[in-house]
Each structure stands twice: as structure tokens, then as C-alpha cells.
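Notes follow once the structure below has been shown.
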Amino acid sequence: MRSNQVALTVLGVHRSPRHGALLLVAPLAALALLLFAGAPAIAASPRAAGDIHTAIAIDSPAVVRIVSTITAQITCVGCASNGSTIVSPSQGAFEYFSSGSGAFITPDGNILTADHVIDHSVNNSEDFAFAVSLLEQDWEQRFSLSQSQVDQFLQSNGSQFQFNIQVAKQQVFLSTAYTGQLQNSAQVVSYQVSRVVVSSPVDKQDTALIKIEAHDMPYLRLAPNNSAHVGDSVTAIAYPGDADAALNGGNFTSLSNPSQTDVNTINGLLSASVNTGQLTAQKSLQDGTPVYEANGIGSQGSSGGPVIDDQGRIVGFVDAGPSTARLTFLVPSEIIAQYVQQANVANPAPGAFMTLWTRANQEYNATAPCHWTQAYKDFNTLHTNYPLFGGLQQMLLTAQGKATPAECPAPSNVGGIIAGLVIVLLLLAAGAAYWYLRRTNKLEGALAAVGIKRSQTKVDQLPRQGGIDPPTQPSAPWLRSPPAPPPAAPPAYGATPTPITGIVAPYPSQPVDAPRGELVAAPYLAPAEQTGQNGEPHQIGSTNPPGPAPTTVRICAQGHAVTDRAAKFCPECGSPIPTV
């Protein structure tokens, strides 16, 4: 098969000289990826191209056997010696059966098959020939005629014959790949065909889609157009008539009444054959339909059976072939796709069954740790949710036997340890990056680049310690502003003020600029001479009462104006008041 080329793109990490220590994160992240990459995976790997055994296992439950019950009645108008009409058979109608193959192509019951498998009428040359053979047998017995005499009469009076051929019943049988080996005939699972969704003329393209009332079924997908080529290996899954002939003389009619047949015969009739061959040529039928030629992967009864590639996709279906079964012609997926589009069933959403069934098979055939445990879990879910799906029984038992504690040990704490180390390394890298940016005066730019704004307080307003010279002022020493304590209510009369703890800034000898947040002292005021109410100097013991004392304003350590000369602490904030 031609394999698709897979392109792997390697992403490069480019170092930028402007980001210095921040690039330390990249190698640490790479280290983390390498460490985690070494941890064992428990998920099953996807089905690899070319794994035909897995493809057959996944696809087989979707392949069905289609059995049609057909009736025929032939009328010859004015053919009797007295001019009356002859009806064959004399009572009722002839009944016969037809068998073919097909496959679900959607989870809701759409089945792909050959049109001649389900279209039984006078338009089907095989049905017409079979009805003629039934007429010959009837007339030979009723009128004591030979076969050659009946054939001669037919050729001479063909216009007087009317053939009524129709389908009385059409059933779709699920295979043992779905049901498992049946224990009794009551376990047979079949559906009535509810309608023909779309079909071509029997003599042109020979393609049909039929519908049954089923939901969440296994199904096959179509291969893309022109994806198959001469020389490719292909596999047909179908019910060839030669297998029936070898087992029970080709009698498949027992499927119409399974209760009257032994269970071994039923199991044989519902077990599909798998034949792998090679596409040997690409040709066209007389009507111009393109077909693939393959080397003998089907026979009568295989008609309509899917032919898949090594990825399990339908590249065509079995259509016809010579009686020697040396060659098989396949209607390709390009033709099938036209009818699928016409029926509006292209690209179906995967059902729950098919999703779980595919994953369970992939896990079953994987080699990673815990794949048996995962496969057993999914097979068991299928067994619980789909009780009719017995085809998984052997795989379920195998996975159960191999899903041991040794196959899937309890997870260790290695992942947690590695994650912790990675976090520590990342924090160290972040610290190194911060140190680098501080040393190179790039911190502001780095913060601005990620949208972070720093406080508006300037660096030279912060306390300087550890050998870093503080800023100097021309007329006053550099002062540190103590943190402002919360406002306190003035002490009650007669109470002892609470002592102030911590650093108290010295009273400055000269005022400094207010915007810097330093202490600001009021101008020194000398005590005023006390006067009486009449403006004259007040003498102790005189009749001239003292007037209002001059107001002296003092400033507390936090800059609040205090007019009470006797106060030792600021009534507003509780800070000490310099003595005037």
C-alpha cells in the first residue's frame, strides 16, 4: 500500500539578548518536559496503518448477511387449448430465496450493498431466469412436457407471458462477529429492511443503500476517492456461497426459519469469510462503470460485501465475477460516494459503540503499560451496555486474564517529586531574573512590558541603610520619617498619658520642605507680657482682672498645631509636643 508521509516540524527557541536571565526558564521547562517524557504512558497507541488484523477485528461486526424471500407468479394469457389463461403455480406463488452481503456505513442503520442483492424484479436478469426455471418445472409436471418443449413454447409465445416477481421479506442478519457463537437459534439477531434509501439500475453501477431500524451500530467508513491502486492488498469480508455449499449443500434458506435448524448450521451461515487478495487491474463495465479487478476474493453470495484496505476503510464492494471465481470485480468507493452523498449520510458522527469498540481494540493490541487493564475496562463497559454484543467475549476474557497488578502497578510519587523540583527551579529562575534586571536597571522596563506599574514613591524617598549614603540637604541633616501611628484620642483629664514607644524623630533645628513628608516646626514664639482686661499690665493681687492669655502655637511630632500651652502630647495623634 502507498503510505502517507508524515512531516514533523521542529520548533526552535531563539535567544534574545534583551531578556537575559528570563531565558533561564526555557531550559528548565525543557528539563521538565524531558523528565515527564520518560514517564510511562497508559493510553493505547492509535491503530497503525497496515495493521490489517486489527482492521478486520474492528470491521467484522459491521458486516451483515442479507436474505431475501421472493415470490413469483407467471401468467400465460390464452395459452390453454380452450383459450383460457394458465397461471403458474396453479395456487399461490412460487417462493425462493436470495442471499448477499452488506455492511453498515452509519451507526443508525444505513447499509451498503449491491443493488442486485436487494432489487428482485423482472428487471433483475437473475430473478427472471430463475422464474423461467420454476415455470419449466411446473409445466413439465402439470402437462407432462419436456424442458425443451416448454422452452420452445416460451420462445414462440413470449408476448403472452406475464411475470410478477416481488420481494415478500428482506432480512438483515448480524454475524457471529457481533453476537458471538450462538448457543441456540433463539439468539439469532435479525432486522427487517424498512426501505431502500437509494439504488441504481441493476444493469448500471449496481449500488444500493438500505435502511433498518437500528441505532448505535458498528460501521465502516469509506476510503477517500482514488486512494486504492493496482497492486494494493485488499480484504473482502462477506458470505461466499461456496462456503455454504461446503457445509450444508448451499442451503441458506434455513435462516428464514432458524428455529427449525440446528445451531451449528446457523453459526456456520452467520460466520463471514475473510479473503485477502490484490487489486490486479482497473477496468470498466459495458455501461462505463469503473471497476477494480481483484484476484478471487469472492464468489456468489459475496455480492455487496465490503472490500477494505489495511486501515479498515471501504475501497469497494464485491459486485460480480466469472463462475470460476478466479476474478472478482469491485465497484470502487468513488461510485459508492455518489450514492452516499445522494442519501445524505456522508461523514456520520461516530456512535458511542464504535468509539468504545475501536478504542478497546487499539488498547488490546497496544504494548504500553496498563494496556490490558484499559482494554479490559472498555470491553467490560461494552459487555454491560450492549448485552447482544457477544463477539467480544474471547477478547474480554483474554484482557481480564492479563490485566494483573504487575501489568499495571499503582502510580508512584515520582511525578509529584519531579513537579516539585520543577517548581523550585522555576522560582529560582524568577529570582535570578529579578536580580539581573535590578543590577542592569531594567526592572522598570520589564515590569512595564508585562503591564505592571510600580508605586509612585521614588527610590530616594525610601530609608537608606547598609553603607548607602543618604541624600544630603544644605541646611539640615537627612531625617527618616517614622511610620504614622493610628490617631489616638486625647487622654482624659487627670489620666496618665500612654508612653510612646519606638523611634521618635528629633525636633529639627530648621524647617524643611513640606512635600518631602518631613516634620515641619512652627516659628518660635516668646512669652508675651500678661495684661489685664483694660489693657494695662496685670499685677498680682490687683483689681484689674487678667485678660485672655496670648495664644502660643506649638507643632507636634506629626505636624499638628497645638494651642494648649500645658499639653505635653498632641490631642489629635498623641505624639509628643516639643517644649517651647
Of the residues in the range 71-109 that are hydroxyl-bearing (Ser, Thr, Tyr) and in a loop (DSSP other than H, G, I, E, B), the one that is surrounded by the most Cβ atoms within 10 Å (Cβ to Cβ) is THR106
Right, VAL150: over 30 Å from GLN338 (Cβ atoms) and in contact with an Asp or Glu (Cβ under 6 Å, 6 or more places away or on another chain) or not? yes
Per the list (1) over 29 Å from VAL188 (Cβ atoms); (2) in contact (Cβ under 8 Å) with a residue 24 or more places away in the chain, residue check on LEU269 breaks on (1)
GLN278 being in contact with a His (Cβ under 9 Å, 6 or more places away or on another chain), open to solvent by 10 Å² or more (accessible area, probe 1.4 Å) and not in a loop (DSSP other than H, G, I, E, B): no
Just wondering, is there one or more residues in the range 110-127 that are hydrophobic (A, V, I, L, M, F, W, C), surrounded by 22 or more Cβ atoms within 10 Å (Cβ to Cβ), at pLDDT 90 or above and in a helix (DSSP H, G or I)? yes
Note on TYR178: of the conditions (1) touching a helix residue (DSSP H, G or I) at 6+ places or on another chain (Cβ under 8 Å); (2) over 30 Å from MET395 (Cβ atoms); (3) assigned to a helix (DSSP H, G or I), unmet is (2)
Looking at ALA243, ALA281, ALA272, can you tell me which residue is under 19 Å from ASP59 (Cβ atoms), over 35 Å from the mean Cα position of the chain (by Cα) and among the small types (Gly, Ala, Ser)? ALA243
Please go through (1) buried (at least 18 other Cβ atoms within 10 Å of the Cβ); (2) at pLDDT below 95; (3) not basic (Lys, Arg) for VAL197 and return the number of the only condition it doesn't satisfy. (2)
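Applying the selection to the range 125-168, what residues are touching a helix residue (DSSP H, G or I) at 6+ places or on another chain (Cβ under 6 Å) and over 23 Å from SER81 (Cα atoms)? Explain how you work it out, then say what you get.
We begin by selecting, within the range 125-168, every residue touching a helix residue (DSSP H, G or I) at 6+ places or on another chain (Cβ under 6 Å); these are 136, 139, 145, 147, 150, 163, 165.
Within the range 125-168, ILE165 is the sole residue that qualifies.
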Condition first: of a type in the set (D, E, K, R), at negative phi and without any contact (Cβ under 8 Å) to a residue 24 or more places away in the chain. Can you find one or more residues in the range 378-394 that meet it? yes
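Only residues that are open to solvent by 10 Å² or more (accessible area, probe 1.4 Å) and touching a residue at least 60 places away in the same chain (Cβ under 8 Å): list them for the range 286-319, please.
Hits for the range 286-319 are ASP287, GLY298, GLN300, GLY301, SER303, ASP310, GLN311, ARG313, ASP319.
From the set of residues in the range 357-372 that are closer than 18 Å to ASP59 by Cβ and in a helix (DSSP H, G or I), which is most open to solvent (accessible area, probe 1.4 Å)?
Step by step, filter the range 357-372, then rank; the result is ARG359.
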Exactly one condition in (1) modelled with pLDDT under 75; (2) more than 28 Å from the chain's Cα centre (by Cα); (3) exposed (fewer than 12 other Cβ atoms within 10 Å of the Cβ) is false for TYR434; which is it? (3)
Within the range 142-159, can one find any residue that is open to solvent by 20 Å² or more (accessible area, probe 1.4 Å), touching a residue at least 40 places away in the same chain (Cβ under 8 Å), in contact with a strand residue (DSSP E or B) (Cβ under 9 Å, 6 or more places away or on another chain) and aliphatic (A, V, I, L, M)? no
Selection from the range 373-390 of residues surrounded by fewer than 22 Cβ atoms within 10 Å (Cβ to Cβ) and either small (Gly, Ala, Ser) or assigned to a helix (DSSP H, G or I) (or both) yields THR373, LYS377, ASN380, THR381, LEU382, HIS383, THR384, ASN385, GLY390
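The values are calculated or read from the model by the stated rules, or taken from the named source; none is laboratory data. Every value quoted in this text rests on a predicted model; they were computed, and no experiment measured them. Note that each Cβ is placed from the backbone with ideal geometry, even for glycine, and that neighbours are counted across all protein chains shown. Accessible surface areas use protein heavy atoms only, side chains included; no ligands, DNA or RNA. Shrake-Rupley method; radii C 1.70, N 1.55, O 1.52, S 1.80 Å.
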